[in-house]
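Structure record follows, encoded as C-alpha cells.
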Amino acid sequence: MLEVIIDSIQDIKANDIKKLDLRKLDDAPCDYFVICDGSSNTQVKAIADNILKRVKDEIGFLPNHREGLQNALWICLDYFNIVIHIFYKETRGFYQIEGLWSDAEITEYTTA
C-alpha cells in the first residue's frame, strides 16, 4: 500500500515527500507517516483525492478516518498502520512533524 500512496502523491507533483518509519519507536501511533506538501489548497486537496481514489480502486481500502478536507491546510488520512499528512506548505513549516519524530528512519522521495 505504501507504494500506491507514494505514487499517488507523486502523480500530483507534491513537494518534499517523506516516509517516516516509526516501527522501531516506542509509543508510535502507527507504523508509518507519509508527509508531503502542496503549493496551494487546491493542490493539497487534489493530492488527498488522488490517494483516496487510488487506494480504494487498487487495494480496496478506505481510510479509518480523514480530517481537514474542508480547508485543505492540513489533511490527515488514517489508514490504521499508515497515516498520511498532506500540508499546505506554510502550515507544514509551522507544525514541523518531522522534528517531532526525528528518531524515525526517514526516506525522501522526488516528484515523478
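The values are calculated or read from the model by the stated rules, or taken from the named source; none is laboratory data. Remember, predicted model here, so these are calculated numbers, not experimental data. Neighbour counts run over all protein chains shown; Cβ positions are idealised from the backbone, glycine included.
Name the one entry in 31, 16, 26 that is within 12 Å of the chain's Cα centre (by Cα) and acidic (Asp, Glu).
After ruling out the rest, the residue left standing is 16.
Given the structure, is residue 34 surrounded by 20 or more Cβ atoms within 10 Å (Cβ to Cβ), of a type in the set (A, V, I, L, M) and under 25 Å from residue 105 (Cβ atoms)?
yes
If residue 102 satisfies all but one of (1) buried (at least 16 other Cβ atoms within 10 Å of the Cβ); (2) small (Gly, Ala, Ser); (3) part of a loop (DSSP other than H, G, I, E, B), what's the number of the condition it fails?
Of (1) buried (at least 16 other Cβ atoms within 10 Å of the Cβ); (2) small (Gly, Ala, Ser); (3) part of a loop (DSSP other than H, G, I, E, B), only one is false for residue 102: (1).
Pairs please, first residue from segment 82-96 and at pLDDT below 95, second anywhere and surrounded by fewer than 14 Cβ atoms within 10 Å (Cβ to Cβ), Cβ atoms under 7 Å, 6+ apart in sequence or on different chains.
89/39
State whether one or more residues within segment 5-25 are small (Gly, Ala, Ser), under 19 Å from residue 70 (Cβ atoms) and at pLDDT 95 or above.
Scanning segment 5-25, I find no residue that is small (Gly, Ala, Ser), under 19 Å from residue 70 (Cβ atoms) and at pLDDT 95 or above, so the answer is no.
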